[in-house]
Structure formats: C-alpha cells, structure tokens
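Student: One structure, pasted below without further comment.
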Amino acid sequence: MLAPISKIPPEILTLVPDFLDTEDRDEHTIALTHVCRTWREAFVSRSSLWTNFDCLDGEKTRVYLERSGSSPINLSLDLNKGISLCDPLFQIIPHATGRLASLLIEGMPEKIPAVTPHLSRPAPLLRCLSICSDRGYAPERCPILTSTLFNGDFSSLRTLHLELVRTEFPWRNMVNLTSFTLSHIPPGTAFAGQLLDFLESAPYLEEVELCFATPVAGAQDGRLVSLACLKSMDINGDAPCPALLDHLLIPAGAKLEITADLFSSPARVHLPRSLNNLKNFSDSTTIQLRPGKYCPRMEFSGPNGQVNMSLRTSRYDSTSLTLESLAEFDTSKIKWLKIDHGHLLSGGLLYRTLLPMKNLRTLTLFSCSNPHIFIHALQPGTRSSEVVVCPRLEEIILVLQFERMFDITSVIEMAAARASRGRKLRIIRIIDGREGAEGADLDVSELRKHAWNVEYGPDV
C-alpha cells in the first residue's frame, strides 16, 4: 500500500490498457488483474475493457460476457481458427446484436454463410463492418450477403469493407456511412445502377475504394449522383470505369485516383468519356494507366477541364510504348506534361506526340537518360521551319540526376530558335542533382539571352 503507484486513483489506473498495443491488449489486461486484489477489482469493474470477443475459448467468452455488462462489444471472427458455433456468444448473439459496435468476419467462402444467419436482427450501435472471404478461390464460390443481414438496417454504420463477397445492393439506411471499400468481387456481379443506388443512399461518404470491383454498364442514361462530401475515391483494376464515373458528380477538392492495367482494352476506354470532359475533377485528380505489368504508367489530372499528364517509366524501352498509347487521346488540352525517367532512341515519335499539344504550358523532364532528344523535339526547324511545337509553352523544368555529362548547347539552340519565332520561353529551370559530375557547374549566361528567366542550381 505504500508503493507510489498505489496513489494513482483507480479511475486513472484503469486507463492503462488503452495505451497498450492492440494485438496484446487482452493478454496484458488479464495480467493486470492478477497483480493484487485491489487491481483486480479496479480492472474488472471497467466494463469497456472486456468487450473484444473472438469466440476461440468458451470460458473466456463467458467471463467477458459477465464483465462487459451492457457495454458495446467488438466481435472478430476468424473462421479459419476453429471457431465453434456452440460458443456461448453464439447462443445469445441473436439477442445481443443490439450491443455490436464492430464486426469483422473472415474465412473460407463456405464458412461465412454459416455465421450470417445468426446476425439477422438490427444492430443500432454497429459502426464498423468488415466481411472478407479468403483469396485463392474461384469467384463463383464467393458467399452472397443478402439484405437479411441485420435486417438490412445500417443506419449507424460508419465504415463498410467487403472483400470477395457478393451483395444485393442496395442496403437501406446508409445515411451515416463515411467509408466504403468493395474489393475483388466476381466480374459482372456489380452493376453501375445498383452501385449508384447504394452511393445515393450514403450522402455523407468521404472515402470510396473499388479494387477489382469496377461495375459494368447498367445505369440509366443521364443519371447523376452527387458525392458532396467525398474526399477521396480510389478505383483500381483492369475493367473500364466510365460506366460509373460518367454518372458521378465529384466535388472540387476531392482526390480521385484511377489505376488500370491495359492488357487487352485500349487506353481510352478507361477515361470518363474523353479528356475534354474533366470539368468535375479537382487539382488532386489522378488517373493512372499502365500499358502493361512492366511498362510505365500515364497519369492524367487537372481541374475544370485543364489536363495535366505525367509519363512515368521504369525501363529504358518503355517510354515509346507510353507515347504510342497516348496517341489514342485528344491531347490538345494538356497544359502540363512530366516525363519521368524517360528514355528515347530517336525524337520522331516524341515530336509527333508533342505536335498536337497546342496548349502545353509546362514541360518537366525528370531524370531522363537522354534529355537532348526531348529538348531537340521542341526546336523549331527540326521538321518544318513553319511549325513551332507546343506554341504556348512557357516553362521548361529540367531535373538532372544520373547523367554525368550534360551538354547545355541543345537547350541554348532550342531556346534561341523559339525566341527567333516569337515564342520566347518565360522560364527555364535546371535542377542539377548530380553528384561528382564532370562539368557540374553549367554556364547558363548564353541561355539567359534567349529566355526571360533562367534558374540553375541544385535546389532552385
């Protein structure tokens, strides 16, 4: 009784488990009850410490049910760990669903339908629901969740995560839902019309993630659903997503990311209608298109119809593949183009790609292995003395990283040729991040004669 820790009031002492690691919290909380009689009484009396159930040990379940009192409970069911439906919790759960605060169910597809019939009554306190079927099984074996789950009432739900399960959309009363994830469902089982009904019933959604769960066609022409509270939407997969995106009103400031692997379908089918119709997208909108598993990705982004693009490559032979895919689009509205780790053997393809970009304002070459080819493609007179490639180009950002040698002559010649045709560049920024490169201190005095502003240095 003279120990300093005994001076801590019980109501403060019982807060200690809140700061323990989640995975070991139950084990350590039980250990705390074995220190002395005073501690045991203090920790046992706090009902919220005994609300996490896994149904792996019948005796543990009985003790937790007694100590949890009427507090909301968190139920985690890993059906692959030998959970018994004879566990005491399952005997009372039809009457205890009113206490459920969160529910996680995961396991082999054939085991999930054995549990869900026990969960048919309303759960007015349920805030988090996650149901995940094991991967590695044929899509047609995915369990089907019907509207009888919690009687279809999810009025208190905040987070919903469904993976490798099929559902009957829409569930009603999703008014408080803020986060929704649908992942790896069988192809053709999610229809745009049903998903739009679901999204429309959840007006306060902030986060949406569809991973290999892109819906197929089926929405009514002209139908629009507003996601007024949306902060981020992430769509990942290889199926086209315009069937959904063409019907969504995405608020300014929301972050939209679309990542698609282009194996068999043309790149253009993965964009919402066309590059000319991005008026609902925000500054943080990003659409990534990968021509193949080991090929680079194209990124389109931009607010109010402005389109920005980034070509990211990881292999030297992949930049040409990306440029060829880009030829499928109307690139006349692209205002910012970034080529990341690009490599070209000749500039002919790049010239043909840049020529339609009449509104390009900024070009960034980030760590390209042969930047002189990219610069040469912008020089008037290389193909025709009458044509100025990217006539509205104002800014060039050149980032040097791995090339030991860099000849600034090509930049000077390009800037001089453009200036002579009334297309003087507003700014040329050269960021030199090379270490130990020969001739690292470039002489930009001549370049300053042909551009309004030239910045050079390691961190300009």
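Student: In terms of Cα to Cα distance under 18 Å, which aspartates and glutamates are near enough to Lys335, apart from those fewer than 8 places away along the same chain?
Tutor: Counting by Cα, and skipping residues close in sequence, Lys335 has these aspartates and glutamates nearby: Asp283, Glu299, Glu394, Glu395.
Student: Taking a virtual spin label 7 Å from the Cα of Ser48 along the C-beta vector, which residues in region 104-132 bring their backbone nitrogen under 18 Å of it?
Tutor: 125-128
Student: With a 10 Å Cβ neighbour count serving as the proxy for reagent exposure, in which order, fewest first, do Val165, Val35 appear?
Tutor: Values: Val165 22, Val35 12.
The order, fewest Cβ neighbours first, is Val35, Val165.
Student: Where a Cα-Cα gap under 20 Å defines reach, which lysines qualify for Lys81, not counting those fewer than 8 residues away within the same chain?
Tutor: Lys60, Lys111
Student: How far apart, in nm, are two points set 7 Å out from the Cα along the Cα-to-Cβ line at Val225 and at Arg37?
Tutor: Inter-label distance under the simple model: 6.1 nm.
Student: For a protection proxy built on the mean count of beta-carbon atoms within 10 angstrom, sort 102-113, 237-248 highest first, please. Don't skip to the answer; put the middle values down first.
Tutor: On the way: 102-113: 18.0, 237-248: 20.0.
Per-residue Cβ counts within 10 Å, averaged per peptide and sorted highest first, yield 237-248, 102-113.
Student: Using the 10 angstrom Cβ neighbour count as an exposure proxy, how do Trp336, Trp50, Trp452 rank, fewest first?
Tutor: In order of increasing Cβ crowding within 10 Å: Trp452, Trp336, Trp50.
Student: Taking amide hydrogens as modeled 1.01 Å from N in the peptide plane, which residues meet the under 5 Å criterion relative to Gly342, leaving out close sequence neighbours?
Tutor: Amide H to amide H, under 5 Å and 5 or more residues apart or across chains, Gly342 pairs with Phe366, Cys368, Ser369.
Student: Which whole-number percent is the relative contact order of region 28-126 (Cα, under 8 Å, 6+ apart)?
Tutor: Contact order relative to length: 23 percent.
Student: Then there is this: Under the 0.36 nm per residue contour assumption, what length would be gained going from the current alpha-carbon distance of Asp197 and Asn80 to full extension?
Tutor: 38.7 nm
Student: For Thr146 and Ile12, compute 0.36 nm times the residue count separating them, minus their Cα-Cα distance, and round to one decimal in nm.
Tutor: Working: separation 134, 0.36 × 134 = 48.24 nm, distance 4.45 nm.
In short, 43.8 nm is gained.
Taken together, the values in this text are just the output of simple stated rules run on the coordinates, not laboratory data. Small disclaimer: the values here were computed from a predicted structure and weren't measured. Glycine gets a Cβ as well: all are built from the backbone with ideal geometry, and neighbour counts include every protein chain shown.
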